[in-house]
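Below is one structure, written out as structure tokens; the observations come after it.
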Amino acid sequence: MVTDYQAFLKSKEHKAIDSGIKINREDIHPMLFEWQKDIVVWGCRKGRCAVFLDTGLGKTFIQLEWARLLDIKTLIIAPLSVARQTVREAKKIRLEIKYVRDQSEVTEDTKIWITNYEMIEHFNPDYWDGVILDESSILKGLSSKTRIKLIEMFNKTLYRLCCTATPAPNDHIELGYHAEFLGVCKQSEMLAMFFINANKEHTLSYGDIVYRRKGSNKNGTEWRLKHHAESHFFKWLASWAITMTRPSDLGYDDDGFILPPLEINPIYISGEYKAKDQLFFTHLKGISDRSKVRAGTLDSKLNKLKELVDSDPKQWIVWCGLDSESKTATKVIGENVKEVKGSDSIEYKVKTLEDFQDGLYKVLVSKGKIAGYGMNFQNASNAIFLGINDSFELFYQSIRREWRYGQKNPVKVYIIMHEVEAEIYQNVMRKEAMAKRLKVKLIEQIKDYEKEELGMESKVEMDYTEDTQKGQNWTAMLGDSCERLKEIPDNSIDMAVFSPPFGDLFVYSASERDLGNSRDWDEFFTHYKFIIKETLRVTKFGRLNCVHTSDVPAMAQRDGYIGLRDFPGEVIRAYIKEGWTFVGRAFVSKNPQAQAIRTHSQALLFIQLRKDSSDSRPALVDQILLFKKPGDNLVPVVPVKNGEMDNETWIQWANGIWNGVVETDTLQFTHARSADDEKHIAPLQLGTIERCIKLYSNPKETILSPFMGIGSECYQAIKFGRKAIGIELKPEYFNVACSNLKKAESESNVQDMFAQSGVKV
């Protein structure tokens, strides 16, 4: 039987929902491979998704079958050079699609049309039921204005598909743009859910997956994948994107999909190079320097270019980066060569590239950004880079035009560089090594989730265990409070004191059962209500729950502004809604300087006071919220009679502002932190817990902590002669808590022994 809570946990999973239809696998064209058919079935079921397959794995056939089987009016948007190629490929599966430049050319007799990115403003998005972005990695290369327009144009289109080669696994920009176009989430939401701004913490390690975004600062903004979020991130990614570098990544046979040998040959041209603005050339300092070197050393490279082209009668591609390189290279090669440049007409570009594919001339000269994406040039197996820039992606994509599945010959790549360009080549090779390492990690992490999405056998398992440890006066329960509170009888708890999570996503564990792992406050409080209701059930009539809270800093990336969020106010409203009575609160004073050192808050620094105090604020103070279960209390709590309080102490504690609580007076917590924790556990001060226990319970009564952590509340309960029940989800904290409770009980027994013998301790 699926309970409301189990259904809620299912809803918390970070997965894109299905918005498509089920199709019959038998209806897919028989020319497709089995794994291609599986992806088509998955894509039609998802409705809005991405297919990240390496070059030569058949993205074109997959997208065409996706559109055909959905049987909808579909517009394919592709780079100019790829659009005509797609029309030709469609004929192989007996599908007619038409190239069009304007909505007015669209007719009702055809459902699938294709255009290029430059033409999108001439189309009416409301007409189309589906849209496909071919070579969708182009999203990050578009201008911000064009990209936003594209996303907004099709934000109401029911069916959306993105197809491109496997993205760089450390490029969150590309993944974020894809998620945003598909309507999965905004890039800012993706960052808030799964990433931490690594620039602020300086704790990167070799194994971290870091996503970099260019910015105004020297190194740009670095976002590190939260450690606990890794499995959730890959599960989320697999719910809307299939990532594959070869069929065996997902357990299929690689037969027919094994890449031929690739040979990369750096060729260094020696000779003196003197920069115009430097007496002695030292090293390249930026883009401007790199362009100057390429232009200034071009003549020295041309003889080698001519020699290489003449050495092999097979076809060649010469990749250039500057207009002067492209023009001069074409002139030097002389015969059987054609240049494709940005200023050429659409008709000329299309015909020239198709003629090269058909083997009508020997040498194609062009830039990677013109012909380096999406084109199938496996008719050639020789390539020359006439110079090189720092873009590994452009370098890789250009090579993959020839080095792709289906290529029957070894691919030879020559990079002609001047000696002073060596550091550029070395930089690209470093990026290549990192990309390979991260791509292996990406595939390894994501493959089981993808198998689950594709309906194949999966090894994905839920990591949840329960355990119970007991002492003379305490019970510690490992597990989910929403589940384990049900084991506690009605009206059996005399008081509860605890500190719930404050909505920090993926800070302490990766479990959906973790209350803190919530996308937003709506989800957090929907989860929290299960605990609020259960604690109401188990608490005796007229007795209290003491809930530790604080205001929560609002962050621009997550909340859209910098300021504070009223977490205590939301907690109060949640408790009242579930039947509790709010009866008061106490504020625990804090040292602003200590808090500034601990949290690095600019608003608490002296420098901000001297710069502009309008951006300063008071320290965040703890608040103990007091909630009473309606009904009559059958056993009065009389702390004065119990000998735990006098009138002077009562005056101090009843003040509503609790001074004198030592901030460092906590249980030792450093050994409770696991390697993946994003920050250390923050146990409640023992002095604060003591006040709650002595004010609102009698000796020998039972104290509950549904968020036990390392056991602080239960520890104090035992210390002051109460019984304790604690529940903790995370095994590392649970084990430390049990150790602390054994210690507390041992110390309490020693005190009792001395007390019975009349000895004061």
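Values computed for the structure shown
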| quantity | calculated |
| --- | --- |
| Count - residues of segment 681-731 that are within 21 Å of ASP490 (Cα to Cα) and either of a type in the set (Phe, Trp, Tyr) or outside any helix (DSSP H, G or I) (or both) | 20 |
| Residues within segment 712-739 that are closer than 17 Å to GLN685 by Cα and of a type in the set (Lys, Arg), tallied | 1 |
| Qualifying residues in segment 593-640 (those that are β-branched (Val, Ile, Thr) and at pLDDT 75 or above) - the one farthest from ASN655 (Cα to Cα) | VAL635 |
| Selection count, segment 356-385, where residues are in contact (Cβ under 8 Å) with a residue 60 or more places away in the chain and of a type in the set (A, V, I, L, M) | 6 |
| Failed item, numbered, when THR146 is tested on (1) under 17 Å from the mean Cα position of the chain (by Cα); (2) surrounded by fewer than 17 Cβ atoms within 10 Å (Cβ to Cβ) | (1) |
| Strands (runs of 3 or more DSSP E) fully within segment 151-265 counting 1 or more residues that are among the hydrophobic types (A, V, I, L, M, F, W, C) and modelled with pLDDT under 90 | 195-197, 210-213, 221-225, 241-244 |
| Candidate set: segment 641-673, residues that are surrounded by 14 or more Cβ atoms within 10 Å (Cβ to Cβ) and within 28 Å of the chain's Cα centre (by Cα); chosen: the one modelled with the highest pLDDT | ARG673 |
| Pick from segment 269-294, criterion loosely packed, with under 15 Cβ neighbours inside 10 Å and touching a helix residue (DSSP H, G or I) at 6+ places or on another chain (Cβ under 6 Å), ranking: modelled with the highest pLDDT | SER270 |
| Flag if GLU421 is more than 28 Å from MET244 (Cα to Cα), in a helix (DSSP H, G or I) and not assigned by TED's automatic domain parsing to the domain that holds PHE707 | yes |
| Only one of GLY758, GLY709 that is more than 39 Å from the chain's Cα centre (by Cα) and either at pLDDT below 95 or hydroxyl-bearing (Ser, Thr, Tyr) (or both) | GLY758 |
| Matching residues, segment 13-24, being crowded, with 18+ Cβ neighbours inside 10 Å and within 16 Å of GLY516 (Cα to Cα) | HIS14 |
| Segment 86-95, subset of a type outside the set (A, V, I, L, M, F, W, C) and touching a helix residue (DSSP H, G or I) at 6+ places or on another chain (Cβ under 6 Å), residue surrounded by the most Cβ atoms within 10 Å (Cβ to Cβ) | THR86 |
| Qualifying residues in segment 61-85 (those that are polar (S, T, N, Q) and surrounded by fewer than 24 Cβ atoms within 10 Å (Cβ to Cβ)) - the one farthest from TYR373 (Cα to Cα) | GLN85 |
| All positions within segment 79-101 that are closer than 24 Å to LEU142 by Cβ and touching a Lys or Arg at 6+ places or on another chain (Cβ under 7 Å) | LEU80, SER81, TYR99 |
| Residues being of a type outside the set (A, V, I, L, M, F, W, C) and surrounded by 14 or more Cβ atoms within 10 Å (Cβ to Cβ) - total across segment 102-123 | 5 |
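The values are calculated or read from the model by the stated rules, or taken from the named source; none is laboratory data. As the structure is a prediction and not an experimental result, all values here were calculated from the model. For neighbour counting, all protein chains shown are included, and Cβ atoms are generated from backbone atoms with ideal geometry for every residue, glycine included.
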